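Everything on this sheet refers to the single structure shown next.
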Amino acid sequence: KLKKYSFVIDNKEKLDRVFEALGLNPGKALFLRLNGALVEEDETRAAFVRGAFLTGGTVLEPDTGYHLELVTSRFTLSREAVALLLELELPARLAVRKSNNIIYFKESTLIEELLTRIGAPLSAMAIMEAKMWRELRNTVNRKVNCETANLEKTATAAAIQLDPINKIAENRGLDTLPRGLRIAAEARISHPEATLSELADIIGGGITKSGLNHRFRKILCLAGELSNGKKDGALRYD
């Protein structure tokens, strides 16, 4: 939450020990680079990354997204750090933001691995858990959207079928239809929300979805004849 912390060493003896451990000469101008002799093992490489994260790293809350970055103003050091991360099988991306070099990750699996390597397994688990819930929500949303689309499709199809049925019922009556067409029409009126497959099961008698669709096409044609002025004349049922 925008808080910054500083870790300060102002004891000369301790500073000398730090410079010595890093292979630096405090009496000369400092040119910060990664001392390869100190990071020859995976354990020491991970220790360097841990220090880099503590001094210049940030990571998003897992509910917000997946982004971890290490920031340094040193151009050469940033390239050497990327090479070191690659040795840990953690391929990073590199960008420049204002005067800073940004080493960053956007892949959740790499962020989880990096946090585990630097000794923050609970944070890695938090990302895994957030990712699991996000994937679950996405799956549920996809299913809901798919079912909603199917329901809308079914409702549209039923409305298209009911319109000619109602037209025939109002003008001539459903009793004037052949038995098969009348059964289909009455079933649709009774079950406006049913799909063709469900309606075929309701009707029974071996009628298939395709056969039922054929009956509704015939009803549509008959209603079309009514619209063309054959309200009182003979309708063709073939």
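The values are calculated or read from the model by the stated rules, or taken from the named source; none is laboratory data. In this text the structure is predicted, and so the values were computed from the model without any measurement. Cβ sites come from the backbone with ideal geometry, for glycine too, and all protein chains shown count toward neighbours. Areas reflect the complete protein model, heavy atoms only, side chains present, ligands, DNA and RNA absent. Shrake-Rupley method; radii C 1.70, N 1.55, O 1.52, S 1.80 Å.
Considering 193, 152, which residue is of a type in the set (D, E, K, R), in a loop (DSSP other than H, G, I, E, B), farther than 16 Å from residue 223 by Cα and open to solvent by 80 Å² or more (accessible area, probe 1.4 Å)? Can you show your working first?
Details: 152 fails: in a loop (DSSP other than H, G, I, E, B).
From the options 193, 152, the qualifying one is 193.
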- [ ] Could you please give the count of residues in segment 53-71 that are open to solvent by less than 30 Å² (accessible area, probe 1.4 Å), in contact with a helix residue (DSSP H, G or I) (Cβ under 8 Å, 6 or more places away or on another chain) and at pLDDT below 90?
- [x] 1
Task: Qualifying residues in segment 155-181 (those that are charged (D, E, K, R), closer than 21 Å to residue 199 by Cβ and in contact with a helix residue (DSSP H, G or I) (Cβ under 9 Å, 6 or more places away or on another chain)) - the one surrounded by the most Cβ atoms within 10 Å (Cβ to Cβ) - done: 167
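Here's the yes/no breakdown for (1) touching a residue at least 60 places away in the same chain (Cβ under 8 Å); (2) more than 22 Å from residue 68 (Cβ to Cβ):
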position: 116; (1), (2): no, no
position: 121; (1), (2): no, no
position: 128; (1), (2): no, no
position: 135; (1), (2): no, no
position: 139; (1), (2): no, yes
position: 159; (1), (2): no, yes
position: 163; (1), (2): yes, yes
position: 166; (1), (2): no, yes
TODO: Scan segment 205-223 and report the pairs whose first residue is over 17 Å from residue 166 (Cα atoms) and whose second residue is part of a loop (DSSP other than H, G, I, E, B), with Cβ atoms within less than 7 Å and a gap of 6+ or a chain change.
DONE: none
Task: Filter result (open to solvent by 70 Å² or more (accessible area, probe 1.4 Å) and over 26 Å from residue 80 (Cα atoms)) within segment 103-134 - done: 122, 125, 128, 129, 132, 133
Task: Residue satisfying all of: in segment 30-50; within 13 Å of residue 120 (Cβ to Cβ) and not β-branched (Val, Ile, Thr); least open to solvent (accessible area, probe 1.4 Å) among these - done: 46
